[in-house]
Structure formats: structure tokens, C-alpha cells
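A short write-up of the structure that comes next.
The values are calculated or read from the model by the stated rules, or taken from the named source; none is laboratory data. These numbers were taken from a predicted model, which means no experiment stands behind them. Cβ sites come from the backbone with ideal geometry, for glycine too, and all protein chains shown count toward neighbours. When the accessible area is computed, the model is the full protein with side chains, heavy atoms only, and any ligands, DNA or RNA have been set aside. Shrake-Rupley method; radii C 1.70, N 1.55, O 1.52, S 1.80 Å.
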Amino acid sequence: MTDTDKCVLVIPFSRPVIEKAEGFRVAVRSNNLDDAGRIARAVGCDRLHCIEVSAGSMAGIRIRDEWRKLPLIFRLKSAGRFLDYAPALEELRDSAARFYFPASPENISAARVLSSLMIKTGLEICNGEVDWEAMEDLLVYDSCGRSAHSSVEPFLYSYTEYKNMQADYNELYLEKEGVFFHCDAEGNIALSGGALERKEFVGTLNKKEEVDFSGLSLAAREKRRARLLEFGGCSICPGWRVCGFRDGGLVAVCPRKQFMTALVNSSGEVNKNAHDNF
Amino acid sequence: MPTIIFKATERCNANCAYCDVIRKGRAPDMSMGMLKLVFTRVNDYLKARPEQRINLTWHGGEVLLLGADYLAAAARLQEDCCPGTKSRISHSVQSNLTLLTRELVAALRKLGINNVGTSYDPLERVRGFGGDRDSDSYNRRFLRGVSLLEESGMTWGLIYVVTKKSLAVPGELFRFLTNMSARVMINPVLIYGKEGAELGITAREYADFIGEMFKLWWPERGRHGVIRPFAEYYGHYMKRETGLVCVRGGCCGEDHLYIGPEGRLSHCSSSADWNLVNYGNIRDTGIEEAFSRTKRRDWLDRSKTLASGDCKGCRFWGVCHGGCPADSLAFHGDLRHKSGWCAATKIFLSKYFEPISGLGYDGPPDSVAGRA
């Protein structure tokens with residue numbers, strides 16, 4: 001496996017940038033859902049990690065029949081009014097699309113409703129304020145609920161990957177450092193979305209052969225593991241495996257600890273039940 | 001499969017508190033001539049036994065101090081000296097990883113090594129560099145090493161050595177170790193002589209320490225990788241798997257051999273480090289001969305002696321077989337005794353493992369005669 005096989009470039013929808021990113025898998029960002037078909041054709045299925053579409057709410061989102069199998073990810077501020085997306089329920093349900101929201105109390109409630117409607121959802125717990133208590137309630141619903149419902153991220157990721165020591169749910173948000181590299185329309189490359197905004201570039205697609213992707217990936221791996229240099233805090237947290245909290249300092253009382261511990265425990269239970277029922 | 005504990009160097013870049021190798025007189029690194037002779041002997045042994053395989057476990061000292069060129073030369077010598085048997089030779093390595101580079105990863109791969117055994121301790125000044133045992137620098141370099149291994153697609157497992165310093169924090173250490181690695185082995189510190197005695201622990205302390213860890217492991221066992229000794233005992237109780245590591249299983253008599261930097265032959269690393277056993281030198285002794293040395297008979301006959309002696313009537317006989325023979329040799333001067341660590345096995349299994357798991361052990365699955 002080469003370095004480029006392991007990396008995913010997160011790029012804006014621009015044909016020149018897609019061409020410059022040749023040889024890499026790409027996640028393509030757009031604010032316009034109508035670009036989906038053009039992106040898929042320009043990139044090709046084997047190189048396309050996902051198409052990420054940003055919008056305000058689910059209002060007006062219609063998934064055309066030819067997009068149903070595309071790896072569509074929606075980053076939305078909220079679900080919006082039910083009446084506004086109700087006409088599209090069937091096509092949303094039948095598509096591969098997943099709808100992500102910030103983890104506010106309202107959005108967590110909306111994710112539960114959407115999940116019960118068999119629409120794939122996700123909550124962003126990588127940044128911003130998160131209502132951890134409401135997240136834990138939703139986790140109980142998702143992991144223990146007997147009624148049919150669709151998967152919710154990052155729960156599904158944790159159920160699937162909780163034994164994988166390399167797992168980092170930030171990859172759901174295209175932010176697993178050392179794997180996802182973020183590019184702007186000029187082809188500048190940064191280690192994260194935040195670094196791209198701050199214009200902290202590590203190279204450019206125009207001279208991508210000069211970028212040490214392997215070295216950057218190694219450095220990111222080390223950075224993630226740096227918490228294990230301290231004996232205490234995150235390094236002895238039962239939830240660390242799924243949490244992988246990277247950016248804060250050691251804290252005496254971690255607001256994420258209870259939820260992450262519940263998540264890792266639920267992941268164990270879900271897998272045990274799946275095994276027992278097989 | 002015969003395992004050769006292969007020590008091409010006794011040099012080490014670290015100064016771990018409990019290490020025997022760094023304290024004893026140091027032999028020079030194994031010469032290329034000696035290395036060639038080792039592969040020639042291995043080839044002779046395998047040619048005469050076409051059904052057999054051999055594993056060379058590179059130990060130190062710190063193996064990576066040998067350098068990438070040395071390891072690459074070893075791979076070439078194997079090619080040259082073992083043309084018809086090389087496919088039956090495997091290598092494994094124990095390293096502290098603090099010196100790992102991409103060149104060394106490539107050299108290890110040339111020997112067919114895709115997995116590295118290592119050790120770690122998050123507690124200060126147990127493992128470290130220099131006279132003041134700088135654990136901070138050591139730990140940073142260790143983490144860089146494991147990151148490099150993973151980046152290169154290699155796997156690794158961790159040995160944690162329980163010392164006096166560990167005893168107060170079993171739960172925290174369990175969390176730490178299982179957050180660090182999917183494969184962890186938890187062993188007691190082995191102190192032979194006075195050096196490092198302040199870190200020494202009793203069998204009961206070790207049993208209680210792993211017992212506290214076991215309380216956490218048991219309900220979560222499906223989520224962790226291979227955490228030994230728990231996974232070993234679980235496998236043994238559930239399926240009579242005999243995959244216990246040598247110090248816990250006491251079954252090394254037939255298949256362990258040590259080769260030191262100057263060609264000295266002994267039984268294992270402990271028996272060599274503690275100067276307990278001498279099977280001669282590879283210069284004038286073939287591997288077949290070393291395996292059949294008269295002195296080795298005592299190791300093979302140990303089971304019979306123990307079953308009618310120290311271990312008579314013990315219901316855990318089938319699990320531990322009297323434990324590590326080198327312990328008996330070190331503390332009693334002969335092989336007729338069980339290891340002092342057998343007490344830890346008994347206490348752990350009867351006080352923690354069986355009551356918590358609800359599993360029972362109904363005696364030895366194998367007869368004494370069968371083992372001998």
C-alpha cells in the first residue's frame with residue numbers, strides 16, 4: 001500500500017483541483033446538491049470517498065434516483081421543520097445519504113425522530129457544545145431500543161470499530177488527522193479543516209510529490225497517542241478507546257467521560273447481543 | 001516448535017530498574033562469523049528433521065542497537081546458509097522500540113518479522129535512559145516507535161512487568177495498558193540477587209494485583225484483545241488450550257534453547273542471565289546435540305518429580321506443571337521444586353478467577369506419564 005492509498009484529500013468541487021488530486025481518494029465538498037452527479041462523474045466511483053453537501057436544513061433536499069447509491073453526506077445546521085422534508089421521506093430513506101447535525105438538544109431529538117423514520121443520521125461531537133446527557137439518552141434508544149430504527153453516528157462507528165485501536169470517530173467528520181488532508185480551491189493542503197481556515201498549509205497539490213504524506217501521517221499518529229505520555233486523565237479513561245479526545249488538556253472532571261464510557265460499554269453489549277443472537 | 005532465544009547483543013540503550021542483562025558483565029556483539037555458524041547449525045538441524053520448524057526469538061540487550069545493516073546481513077546469511085530450510089525458519093523480536101527507524105523496519109521485514117514484542121511502564125523511572133532513568137524521553141521515543149510500526153503495517157504486543165510501584169494502582173494500570181495496546185501480557189518482576197530488590201513483589205502481591213485487574217477484565221473480556229494471563233487461563237479452562245507462556249506453563253523442557261553473543265548455549269534467557277545452565281557452545285555443539293544434552297533430561301523429567309513431590313495432589317497441576325523450572329534452579333539449586341510463583345497461580349485462580357468467572361477446574365487433563 002502506498003502513502004496515497006491511505007490518504008483522503010478533502011477538496012472543494014472544482015475540476016482543476018480534482019485533476020490535481022489524481023492518484024488520491026477524495027472527499028468532495030459542495031454547497032449545491034445538484035453538483036452530486038457531476039462530482040461522481042468527474043471523480044469516478046473507485047476514487048470517491050464521499051460527497052459532502054453543506055446546507056441549512058433538510059428542507060427542499062430531494063435525492064434523485066441516480067444519486068441513491070452515492071456516498072452523500074449532508075452537514076446541516078438542523079433538520080428543520082418536519083413538514084418541509086416530509087414529501088421527500090421515501091427517497092431520503094432509500095438513499096445511502098446520511099444527515100449530520102451539531103449535537104444540540106433540539107438536533108439530538110430530531111436525530112431520534114429521523115432514525116425512527118429509517119433515515120440515517122449523525123451528530124457532530126467533534127466540536128461545539130454537545131449535550132452529553134441527551135446524547136446518552138439517544139445512545140440507550142439506539143443500542144437498546146426494540147423498535148426498528150436507522151443507524152445514528154457516531155454510535156454505529158463505535159459498535160463497528162470499538163475493538164480497533166486505530167479507530168477515531170473523527171473520520172466520520174473527515175477530520176482524522178494524518179488520513180484526511182484538507183485542500184482549498186488553489187490546491188493548498190492543510191492537516192485539518194481548522195488548519196485550512198487558518199491557512200496553515202503543509203504543501204500544495206501543484207507539488208504534491210514534495211509533500212511527505214507518510215511523515216505527516218506518522219506525526220498525526222504520534223500526536224493522537226501523546227495522551228498516553230501522562231498516567232492519568234484520558235490515558236486511564238474507560239472511554240478513551242472510542243473517545244480519543246485530542247485537543248484539550250488533561251482535565252480533572254471530563255464532561256465526555258460518562259458518555260464515552262457508556263458508548264464503549266454499549267458497543268460491547270451490541271456486539272455481544274449480535275453474537276449471541278447469531 | 002523449537003524456540004531459540006537468540007541474543008546477538010547484550011548492549012542496551014536503556015537502564016530499566018529490573019533488568020538483569022544490563023547489570024551483568026557484557027559480552028561483545030555476536031560476530032558475523034558466529035552468526036553464520038548459527039544459521040549453519042539451524043540448517044543442519046532442520047535438514048535432519050524435515051517436519052520441524054524453528055523460531056529464532058531475538059532478545060537483548062536491545063536488538064535494534066545491532067543496526068539495520070546487521071539485521072539485513074542476518075537475512076542474507078539465512079538465505080546463503082539455509083537454502084533448502086529457510087522457509088521453516090521464523091523470527092520474532094523483543095525490542096524497546098526507542099531506536100526504531102524506517103531502515104530498521106525494513107531490515108526486520110527482511111527477516112520476515114511483522115510483529116514486535118515490547119515492554120512499557122507508564123510509572124516514572126521504572127524504564128528509562130541513563131543513570132537517572134529518564135522515563136519521559138524514553139516514553140516519547142517508545143510511542144514514536146509504536147507509531148512507526150503501525151504506520152508500516154506491523155503489529156506489536158506489550159509486556160507489563162508488575163513491580164512494587166505498580167501495586168497501588170491495578171485498575172488504573174489496567175485501563176492504561178488496554179488503552180495502549182490490544183495485546184498485553186502482565187508478568188511479575190523477577191528479581192534474582194539483591195539488585196533491584198526494592199521493586200520485588202511476593203507471589204501473593206502479584207496474585208492480588210492481577211486479581212484486581214481481572215475484576216475489570218472479566219465483564220469486558222469481549223472488548224479487549226488478548227490480555228494475558230487472563231486470556232490464557234480462560235482458554236485453558238474453557239477449551240484446555242495449552243497456550244500458557246513458558247513461565248506459567250512449565251513446559252519448556254523440550255523446545256527451548258538459548259544462544260548468547262559468543263555462542264554460549266543455555267536453556268533460556270533466565271537460565272543464561274542468572275548463569276544457571278550451560279549446554280556448551282554453538283562452536284562445537286549442534287542444535288540437535290544441545291537439545292539432547294544429558295542435563296536437559298532433568299528438565300524433561302521434572303514433571304514426574306513434581307507430580308509425586310511438591311505438586312502432588314494440586315488440582316492446578318494441569319495448568320502450571322510446577323511453573324518455571326529456572327525459578328526452581330535459581331532458588332533451590334535443582335529442578336525438583338515448583339516455582340515460587342505457583343503460589344500466585346493458586347491464589348489467583350482460586351480467589352479471583354474461579355469465583356468471578358464461575359468456571360471450575362476439575363483437575364489435570366493430562367497424566368504425568370503423558371507429559372513426560
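Residues that are within 23 Å of the chain's Cα centre (by Cα) and either within 11 Å of chain A (Cβ to nearest Cβ) or part of a helix (DSSP H, G or I) (or both) were ranked within the stretch B:129-145; the one that is farthest from A:Glu222 (Cα to Cα) is B:Ser135.
Against the numbered list (1) touching a helix residue (DSSP H, G or I) at 6+ places or on another chain (Cβ under 7 Å); (2) aliphatic (A, V, I, L, M); (3) under 26 Å from B:Ala48 (Cβ atoms), B:Ala307 comes up short only at (3). Residue pairs whose Cβ atoms lie under 8 Å apart, separated by 6 or more positions or on different chains, with the first residue in the stretch A:202-231 and within 26 Å of A:Arg15 (Cα to Cα) and the second of a type in the set (Lys, Arg) and in a helix (DSSP H, G or I), are A:Leu205/A:Lys20; A:Asn206/A:Lys20; A:Lys208/A:Lys20; A:Phe213/A:Lys6.
Looking at the structure I just gave you, is A:Glu91 more than 18 Å from the chain's Cα centre (by Cα), open to solvent by 50 Å² or more (accessible area, probe 1.4 Å) and farther than 12 Å from A:Ala36 by Cβ? Criteria not met by A:Glu91. Could you please give the count of residues in the stretch B:167-180 that are facing another protein chain (nearest Cβ under 7 Å) and buried (at least 19 other Cβ atoms within 10 Å of the Cβ)? Of the residues in the stretch B:167-180, 4 are facing another protein chain (nearest Cβ under 7 Å) and buried (at least 19 other Cβ atoms within 10 Å of the Cβ). Among the residues of the stretch B:211-244, the ones that are in contact (Cβ under 8 Å) with a residue 12 or more places away in the chain and β-branched (Val, Ile, Thr) come to 2 in all. Of all residues in the stretch B:52-59, none are open to solvent by 50 Å² or more (accessible area, probe 1.4 Å), within 14 Å of chain A (Cβ to nearest Cβ) and either closer than 19 Å to B:Gly260 by Cβ or charged (D, E, K, R) (or both).
Residues that are crowded, with 22+ Cβ neighbours inside 10 Å and out of contact with any strand residue (DSSP E or B) (no Cβ under 9 Å at 6 or more places or on another chain) do not occur anywhere in the stretch B:151-159. Could you check B:Glu198 against (1) within 28 Å of B:Cys324 (Cβ to Cβ); (2) part of a loop (DSSP other than H, G, I, E, B); (3) modelled with pLDDT under 95 and say which number it fails? Here B:Glu198 meets the rest and fails (2). So is B:Val116 β-branched (Val, Ile, Thr) and either within 14 Å of chain A (Cβ to nearest Cβ) or not in a strand (DSSP E or B) (or both) or not? Spelling it out, it is not the case that B:Val116 is β-branched (Val, Ile, Thr) and either within 14 Å of chain A (Cβ to nearest Cβ) or not in a strand (DSSP E or B) (or both).
Taking the stretch B:140-150 as the range and being surrounded by fewer than 17 Cβ atoms within 10 Å (Cβ to Cβ) and closer than 11 Å to B:Thr118 by Cα as the test, no residue passes. Being among the hydroxyl-bearing types (Ser, Thr, Tyr) and buried (at least 16 other Cβ atoms within 10 Å of the Cβ) is the filter here, so list the residues in the stretch A:94-109 that pass it. Across the stretch A:94-109, the qualifying residues are A:Ser95, A:Tyr100, A:Ser104. Against the criterion of being open to solvent by 10 Å² or more (accessible area, probe 1.4 Å) and either touching a Gly at 6+ places or on another chain (Cβ under 8 Å) or among the aromatic types (Phe, Trp, Tyr) (or both), B:Tyr192 qualifies.
Answer yes if at least one residue in the stretch B:70-86 is under 30 Å from B:Tyr138 (Cα atoms) and not small (Gly, Ala, Ser), and no otherwise. Yes - at least one qualifying residue is present in the stretch B:70-86.
Of all residues in the stretch A:9-18, which are without any contact (Cβ under 8 Å) to a residue 60 or more places away in the chain, assigned to a helix (DSSP H, G or I) and surrounded by 14 or more Cβ atoms within 10 Å (Cβ to Cβ)? Once the filter is applied, which keeps residues that are without any contact (Cβ under 8 Å) to a residue 60 or more places away in the chain, assigned to a helix (DSSP H, G or I) and surrounded by 14 or more Cβ atoms within 10 Å (Cβ to Cβ), the stretch A:9-18 yields only A:Ile18. Residue count for the stretch B:222-253 under the criterion of being at pLDDT below 90 and within 14 Å of chain A (Cβ to nearest Cβ): the result is 4.
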